[in-house]
Amino acid sequence: MVNAKLKTPLRVLNKLIAHVHFLEPRENTKQRVISSMVMIPLALYAIFYSVNFFIFLAIAIAMMMTVEWLDMIRREENQTKWRAIGLFYILIPIYSVIKIRMIDSNILFWMFAVIWATDIFAFFAGRSLGGPKIAPDISPNKTWSGLAGGVIASILIGLLSSFMFQGGILFFLVASIFLSLLEQASDLLESKFKRLFGVKDSGNIIPGHGGVLDRLDGMMLVAPMVLFLITVFPSRFGI
C-alpha cells in the first residue's frame, strides 16, 4: 500500500529530473533536485516555526561561507583586503536575515519567495529560450531571456504578497521586481568573485549545487535591501 502511494510522487520527481536534465545535461542533475527538495522544507520550517533553529542555521551558514571565502582567496596577495571584503559580504546579509526573521517571518518568506521564484523561472526561461548573454565574461549561462523570466516570476510573487501585507499591490509589485533584478545582480557579483579568484564553485558541500555561497548568492544583496525597505516603509509591512 505504501509503495502504491509513493508511485505518483516518484513519477513526478523522475519527470522533473528528466526535464531539468534535458535543459542542463549534467551528471549531477538528480543530486541538484534532491538537494533542493531537502533544503527548501528545512528553510520553511526555520522561517515559520522556530526562531532558534533559524538562528542556528544562519550562524552555521555564516561559518561555512567564511570557510569557503577563505579557501577562494587563499591565492590572493592582499589577504587583508579580501578578508575585510569577505567579512562585510557575509555578515551583513546574515545579520539582515536574522533581523528580518525576528521582525516578521512572513516578510522573510516573501523575500525568499522572490529569490526562489526568480532563480527557478530564470533557469527555465534562459535554458528554454536562450538568446543574448547578459555578461558572458562573468557568467556565460546568464541570458536576457532568463532575466525576463525571473522578473515575470517576481511580478506573480508581488501580486500574491500584496494580500499578505498592508502595502498595496503597486508597492509590492515594484518592490518584488526590484528585488528580482537585485537578486540576479547579486548572482552576477558572486560569479565575478569566482572569476577573480579562478574557481568554478565556492565549494562542494551541497550535492549538485556546489558551495553555500553558490546556493545563497542571490540573498547577499537582497537581504540587506529588504531590511532597508522594512526600516523605511514599516507601515507597508504592517509594522
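Some values worked out for this structure:
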item: Output for region 106-133, where each listed residue is surrounded by fewer than 18 Cβ atoms within 10 Å (Cβ to Cβ) and polar (S, T, N, Q); result: N106, S128
item: Conditions (1) of a type outside the set (K, R); (2) more than 18 Å from F88 (Cβ to Cβ); (3) at pLDDT 90 or above: number failed by L182; result: (2)
item: Any pair with Cβ under 6 angstrom, 6 or more apart, that starts in region 57-82 at a residue that is free of Cβ contacts under 8 Å to residues at least 40 places away in the same chain and ends at one that is part of a loop (DSSP other than H, G, I, E, B) and buried (at least 18 other Cβ atoms within 10 Å of the Cβ); result: W82/I73
item: Test result for L159, farther than 23 Å from I85 by Cα, without any contact (Cβ under 8 Å) to a residue 12 or more places away in the chain and assigned to a helix (DSSP H, G or I); result: no
item: Sole exception among (1) free of Cβ contacts under 8 Å to residues at least 12 places away in the same chain; (2) within 18 Å of G218 (Cβ to Cβ); (3) not polar (S, T, N, Q) for D119, by number; result: (1)
item: Scan of region 187-239 for residues that are of a type in the set (K, R) and buried (at least 16 other Cβ atoms within 10 Å of the Cβ), ordered by number; result: K194, R215, R236
item: Subset of region 68-84 that is of a type in the set (A, V, I, L, M, F, W, C) and in contact with a helix residue (DSSP H, G or I) (Cβ under 9 Å, 6 or more places away or on another chain) - its residue that is surrounded by the most Cβ atoms within 10 Å (Cβ to Cβ); result: W69
item: Residue match in region 69-88 (condition: at pLDDT 90 or above and under 29 Å from F121 (Cβ atoms)); result: yes
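The values are calculated or read from the model by the stated rules, or taken from the named source; none is laboratory data. Because the structure is predicted, anything quoted here is derived from the model rather than measured. In this analysis, Cβ positions are derived from the backbone assuming ideal geometry, glycine residues included, and neighbour counts consider all displayed protein chains.
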